[in-house]
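The values are calculated or read from the model by the stated rules, or taken from the named source; none is laboratory data. Computed from a predicted model, the values in this text were never measured in an experiment. Neighbour counts run over all protein chains shown; Cβ positions are idealised from the backbone, glycine included. Just so you know, the surface numbers come from the protein's heavy atoms only, side chains and all, with ligands and any DNA or RNA stripped out. Shrake-Rupley method; radii C 1.70, N 1.55, O 1.52, S 1.80 Å.
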Amino acid sequence: MGSDVFEISVNFIKLVAIFLLMVQLVPLLVWVERRGSAYIQNRFGPNRVGPLGLTQLLADAVKFLFKEEFIPGEGRRLIFLLAPVVALIPGALAFGSIPLSAPIQVEAFQWLGQTWGPYNFPFQSFQFDIGIVFVLGVSSLAAYALLMAGYGSENKYSLFGALRASAQMISYELALGLSLVGILLIYGTFDFAEMVTLQEGPLTLMLFGTEYTLSFLPNWGIFYQPLGFVILFAALFAETNRLPFDLPEAEAELVAGYHTEYGGLKMNMFYIGEYGHMLVASGLISTFYLGGYNLPFVTVDQIREFFVQSQGFTLTNASLAASFLLHLVFMAKVFLLLWIFIWVRWTLPRFRYDQLMDLGWKTMLPWALGNTIVTAVFILWMRSV
Amino acid sequence: MLTTDAVLSVGLNHYLFLSALLFSVGMMTVLLRRNLIVMLMGIELMLNAVNLSFVAFSHYTQNLNGQIMVFFVMTVAAAEAGVGLALAVNVFKKFKEINIQQFEKLKG
Amino acid sequence: MGPGEHHCHSGVYSLDAIGIGVDMQEAILFYILGSLAVVCSLGVLLSKNPVSSALYLALTMVGLSFVFVGLDAFFIGMVQLAVYAGAVMVLIVMVVMLFDLKKEEDSFSPGFFGNGLKVILGGFMVGAIASVIAYSTEMILSAPKITQAEPVDMSVKALARLLFTDYVVAFEILGVLLLLVAIGAVALSRIPGGTHADD
């Protein structure tokens, strides 16, 4: 966690703060979803409670707290009660490993009569050099929340919903993993922070051994792997159980699918889990393909230099200001992607179950494999000739 | 034998002992339970215990071949679990029972 | 313990400053995760409901995955999480839920003496393995090949390089094996004529 008390405590506070960030973004997202869907459907959303209906979610949360708690199926009580907890864990763990902004570099400073040395705090809860494998491993645990919820409800329809949902999730995990192999071949690393650093500045291509710089395009992953972007985007829709892959929660088919029997705060925890997954999905897409926290065409060092020279900040303050600015850039990209998630939900109809499985196994898997092969051949050819 | 130092500083022995414990629990599961699927789970537990001892050896002798072995064991175990489950589903479809005591009589 | 410098902890994650050294950290991690794994595996053995057994096994595998991370095998730990806990166990849990078995009254084999004999023999086996471990680890770890001074690269890149150069034949055979298993599973569970046969 760190080499002295200051670093350990800052890292600990960062861990808690990033988790709370994820939990606090969820009511905002639900508000955007309700107002945005109303706008798409040409009606008003919640607009009475608070300004623009912003505190509607607070009122809902208070209402949930006072609801009666009932547990169907007394024989499976523990499984029923644990399912919402298991729904939260993968999203929270995965969100912690995505870099939300540039690392903050703190110079040596004097405090309480002691010199605290120069530090480098990455703007994420924890940093591994196997970033993406960790996220893939942890998000595959989300299938258990569905299964436990469906089984613990002692309700045939919930069980059906849960089984279909988990079959869908494990099918699309495969397409997800394969669509990432192409872009990982280009970056050559699993670590998110390195990947974002590699996407700085303008587009630099290696064509037949010489380097070209197209300065009107940023160096983002989407220009290297457009097909990978499309497949990843679609597979992440399926992973987060959002429409058009919405069969697990198909309203009007299975009542509410695997979380039919849940009410009150447990239902809220499922929602936090689902929107947390959406946040992780948006974070992943923007880290791999949209340049992460990078502002287009400039590198992080150039931003820090700008702050030092033109505004006269100290190095620590310049780093803090640069990280703050880049965090806003990252959040803007994430919100754009989240708006696209919400927009698609209220536009497209739902897939039938066999169409869904056909799409996952017969369409996405071969295209992702083809993408991998073509990428590998290209890299070998372009970088060696 | 149980000096503070032996307990507090964890060495290869500790991981191997954990692996032996898990292996024996897996073996007991296969021997004592009568449900076909639970016996399959016991086999998976034994394979996991073996994976643990491979990784422990790989760490303490600084040799990567242990981790390669884990790769292969994991893949073969997953394949075997798939086929075993397909067989169990077929057995259930035909006999409506997966209690192995019902299959002792070489009938049907 | 082992030869002198086998710890390759980078020190970034050490809590040295508040008095918990690297050894103590490893011990805490090992004991917590190890007891979680043992308790959950006993849950697999002893629980009457097969779904509970399956969920306990999934938790054991998650615990083992973090033990692997504690042993600095990050990639293998995450692969264990993704493959075993995330795919194989989900498959087993799905199959058990599909069967929809009630809680079994007679889930254990009958016969007290038969069971007792099996448990005692199991205990003997653990004892035998433990004593073999205790006597032979010193011999293994102080073999001259092992106590070399140069640090070995144990990163994911080295693992991948080893997999694709020394073990590439086995790797390809593994791919063929998985293909065979997929074909076999489909052949075992297909409906003659395909899924849309009576549409």
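Key figures for this structure:
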{"item": "Count - residues of segment A:105-132 that are within 11 Å of chain C (Cβ to nearest Cβ) and open to solvent by 20 Å² or more (accessible area, probe 1.4 Å)", "result": "6"}
{"item": "All positions within segment C:107-147 that are surrounded by fewer than 14 Cβ atoms within 10 Å (Cβ to Cβ), modelled with pLDDT under 75 and either assigned by TED's automatic domain parsing to the domain that holds C:Leu57 or under 30 Å from B:Phe57 (Cα atoms) (or both)", "result": "C:Glu138, C:Met139, C:Ser142, C:Ala143, C:Pro144, C:Lys145"}
{"item": "Search result, residues across segment A:360-385 that are open to solvent by less than 80 Å² (accessible area, probe 1.4 Å) and at pLDDT 90 or above", "result": "A:Thr363, A:Met364, A:Leu365, A:Pro366, A:Ala368, A:Gly370, A:Asn371, A:Thr372, A:Thr375, A:Ala376"}
{"item": "Which listed residue, of B:Val50, B:Val73, is of a type outside the set (Ser, Thr, Tyr) and closer than 20 Å to C:Ala160 by Cβ", "result": "B:Val73"}
{"item": "Counted residues, segment A:293-308 - those being modelled with pLDDT of 85 or more and open to solvent by less than 30 Å² (accessible area, probe 1.4 Å)", "result": "2"}
{"item": "Residue that is surrounded by fewer than 17 Cβ atoms within 10 Å (Cβ to Cβ) and under 30 Å from A:Gln124 (Cα atoms), where the choices are A:Gln355, A:Gln311", "result": "A:Gln311"}
{"item": "Test: residue in segment B:32-40 that is facing another protein chain (nearest Cβ under 7 Å), open to solvent by 10 Å² or more (accessible area, probe 1.4 Å) and farther than 28 Å from C:Phe171 by Cα", "result": "yes"}
{"item": "Qualifying helices (runs of 4 or more DSSP H) (wholly inside chain B; at least 3 residues being out of contact with any His (no Cβ under 6 Å at 6 or more places or on another chain) and more than 30 Å from C:Asp23 (Cα to Cα))", "result": "B:12-32, B:36-60, B:65-95"}
{"item": "Among residues of segment A:203-249, those that are farther than 16 Å from A:Val181 by Cα, open to solvent by 60 Å² or more (accessible area, probe 1.4 Å) and among the β-branched types (Val, Ile, Thr), counted", "result": "2"}
{"item": "Test: residue in segment A:84-98 that is at pLDDT 85 or above, surrounded by fewer than 14 Cβ atoms within 10 Å (Cβ to Cβ) and not in a loop (DSSP other than H, G, I, E, B)", "result": "yes"}
{"item": "Matching residues, segment A:42-51, being open to solvent by 80 Å² or more (accessible area, probe 1.4 Å) and not in a helix (DSSP H, G or I)", "result": "A:Asn42, A:Arg43, A:Phe44, A:Arg48"}
{"item": "Top-ranked residue in segment A:61-76 [being of a type outside the set (A, V, I, L, M, F, W, C) and either over 27 Å from A:Tyr157 (Cα atoms) or without any contact (Cβ under 8 Å) to a residue 60 or more places away in the chain (or both); ranked as surrounded by the most Cβ atoms within 10 Å (Cβ to Cβ)]", "result": "A:Lys63"}
{"item": "All positions within segment A:144-194 that are farther than 20 Å from A:Phe128 by Cβ and among the polar types (S, T, N, Q)", "result": "A:Ser153, A:Asn155, A:Ser158, A:Ser166, A:Gln168, A:Ser171, A:Ser179"}
{"item": "Hey, B:Phe92 surrounded by fewer than 19 Cβ atoms within 10 Å (Cβ to Cβ), under 27 Å from C:Gly77 (Cβ atoms) and not small (Gly, Ala, Ser) or not", "result": "no"}
{"item": "Yes/no for A:Leu54 being farther than 30 Å from C:Phe66 by Cα, open to solvent by 50 Å² or more (accessible area, probe 1.4 Å), in contact with a Phe, Trp or Tyr (Cβ under 7 Å, 6 or more places away or on another chain) and more than 14 Å from every other protein chain (Cβ to nearest Cβ)", "result": "yes"}
{"item": "Qualifying position, being within 30 Å of A:Glu69 (Cβ to Cβ) and within 12 Å of chain C (Cβ to nearest Cβ), among A:Phe190, A:Phe160", "result": "A:Phe160"}
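Condition check ((1) closer than 28 Å to A:Phe134 by Cβ; (2) hydrophobic (A, V, I, L, M, F, W, C); (3) at the interface with chain A (Cβ under 9 Å from one of its Cβ atoms)) across all residues:
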site: C:Ser41; (1), (2), (3): yes, no, no
site: C:Val62; (1), (2), (3): yes, yes, yes
site: C:Ser65; (1), (2), (3): yes, no, yes
site: C:Gly70; (1), (2), (3): yes, no, no
site: C:Ile76; (1), (2), (3): yes, yes, no
site: C:Leu91; (1), (2), (3): yes, yes, yes
site: C:Phe108; (1), (2), (3): no, yes, no
